[in-house]
Amino acid sequence: MGIVETELAIFELSDGQECRIELNADETIHIHVGNVRIDMSPDEFRHFASTVTDARKTLHETKEW
């Protein structure tokens, strides 16, 4: 487990699960959702964030949310 350098985001899902996105001192990004942790490099995180943004746009166009 790395040393957290910066909490990038913290929020709660509708079911009450806490979510955190952290930048660690070794420059890995950790996404925590409940007991699940995903580790990413900065490039992987940029790709992931871009993909989620694209998915949001597609959802908005499909469902008008």
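Just so you know, all these numbers are worked out from the coordinates, no wet-lab data involved. Note that this is a predicted model, so its numbers are computed, not measured. Virtual Cβ from ideal backbone geometry, glycine too; neighbours counted across all protein chains shown.
Side notes on the structure shown:
- With a Förster radius of 35 Å applied to the C-beta separation of residue 47 and residue 25, the computed FRET efficiency comes to 0.95.
- Residues whose amide H lies under 5 Å from that of residue 5, counting only those 5 or more places away or on a different chain, are 23, 24, 25; hydrogens are built 1.01 Å from N in the peptide plane.
- Our coupling estimate for the stretch 57-63, obtained by passing each phi through the Karplus curve with A = 6.51, B = -1.76, C = 1.60 and θ = phi - 60°, is 4, 5, 4, 4, 5, 6, 10 Hz, Gly and Pro reported as x.
- Working note: Debye formula, equal point scatterers on the alpha-carbon atoms of the chain, no solvent; log10 I(q)/I(0) at q = 0.16, 0.18, 0.24, 0.30 Å⁻¹ is -0.63, -0.76, -1.06, -1.20.
- A Förster radius of 25 Å combined with the Cβ-Cβ distance from residue 39 to residue 59 puts the calculated FRET efficiency at roughly 0.45.
- Nearest-20 debye value, the chain charge dipole, Cβ charges on Lys, Arg, Asp, Glu: 240 debye
- Ordering 53-60, 10-17, 23-30 by mean Cβ neighbour count within 10 Å, with the highest value first, yields 23-30, 53-60, 10-17.
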